[in-house]
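One structure is given below, encoded as structure tokens.
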């Protein structure tokens, strides 16, 4: 899903910040902006463009524009992270911003907090986060300066992936996410999706697995469950109605999938949210 929901938090500059505590997971999504996560406590697995990265407290995660990603929290310890998401126009280094915009290069995805690089970049990250949060008269200039410093440092220290981004892969992911967002309520299959996208079925399945790290049907169920969770939290409909609205064949299959992904049955989840 192409996500731009954070844009409502933009103020004087195109930057959004957020903090997550005891966070469960996001559904796979992408966006045009660059995203940086700082893991404050606990640990998580971040899936980016079909690859998985383990991140612990102190680590920084870099997510390039249009990369499909999700965060899965490891539930053994309390978890917290900070997030900064911004338009790459704020990078006042044309070489970096142009190459990121044109998907010609990408920043490496994880930098350990226990390194000199990690310490330097964390300091700049915190300054960006603080400036956006307080928003004073000089915040726009300060944020732009700190972000530019951060990316100049990344380039200077060769903290970029040698493998250049493939625009065709990015387009495939964007098109499929848009398709699922539009059709998840329907009885769609990988074969139907491939036909609708004018792609060979075997090619479609192979490229989907390469980019998303799972089969089309598995991701479709996860997407539907994510939508269902929001509906259950908002107490919008009955469990059986939500099952129907999210495209599941039967309430029984919905409940089975929901428990497999969330850990509790839908009615238990709804009851827990209502009483919290």
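Considering only segment 230-240, I want to know if a residue exists there that is modelled with pLDDT of 85 or more and within 16 Å of residue 184 (Cα to Cα).
yes
I'm trying to understand the selection: among the residues of segment 5-31, which are surrounded by 15 or more Cβ atoms within 10 Å (Cβ to Cβ) and modelled with pLDDT of 80 or more?
Within segment 5-31, 14, 15, 16, 17, 20, 31 qualify.
Which one of these is under 23 Å from residue 108 (Cβ atoms), surrounded by 14 or more Cβ atoms within 10 Å (Cβ to Cβ), in the same structural domain as residue 108 (by TED's automatic domain parsing) and modelled with pLDDT under 90: 174, 152? Spell out the reasoning first.
Numbers: 174 fails: in the same structural domain as residue 108 (by TED's automatic domain parsing).
It is 152.
Name the one entry in 94, 112 that is assigned by TED's automatic domain parsing to the domain that holds residue 44, surrounded by fewer than 19 Cβ atoms within 10 Å (Cβ to Cβ) and out of contact with any strand residue (DSSP E or B) (no Cβ under 9 Å at 6 or more places or on another chain). Before the answer, list the steps.
Details: 112 fails: out of contact with any strand residue (DSSP E or B) (no Cβ under 9 Å at 6 or more places or on another chain).
Testing whether each residue is assigned by TED's automatic domain parsing to the domain that holds residue 44, surrounded by fewer than 19 Cβ atoms within 10 Å (Cβ to Cβ) and out of contact with any strand residue (DSSP E or B) (no Cβ under 9 Å at 6 or more places or on another chain) leaves just 94.
Applying the selection to segment 226-261, what residues are closer than 18 Å to residue 75 by Cβ and either out of contact with any helix residue (DSSP H, G or I) (no Cβ under 6 Å at 6 or more places or on another chain) or in contact (Cβ under 8 Å) with a residue 60 or more places away in the chain (or both)?
226, 229, 259, 260 - these are the residues of segment 226-261 that are closer than 18 Å to residue 75 by Cβ and either out of contact with any helix residue (DSSP H, G or I) (no Cβ under 6 Å at 6 or more places or on another chain) or in contact (Cβ under 8 Å) with a residue 60 or more places away in the chain (or both).
Any residue in segment 65-85 that is surrounded by fewer than 19 Cβ atoms within 10 Å (Cβ to Cβ) and assigned to a helix (DSSP H, G or I)?
no
Tell me, which residue of segment 101-138 that is part of a loop (DSSP other than H, G, I, E, B) and closer than 19 Å to residue 85 by Cβ is modelled with the lowest pLDDT?
Ranking the candidates gives 103 first.
Could you look through segment 127-151, keep only residues that are under 16 Å from residue 18 (Cβ atoms) and touching a residue at least 40 places away in the same chain (Cβ under 8 Å), and pick out the one that is farthest from the chain's Cα centre (by Cα)?
135
The values are calculated or read from the model by the stated rules, or taken from the named source; none is laboratory data. All values reported here derive from a predicted model rather than from experimental measurement. Virtual Cβ from ideal backbone geometry, glycine too; neighbours counted across all protein chains shown.
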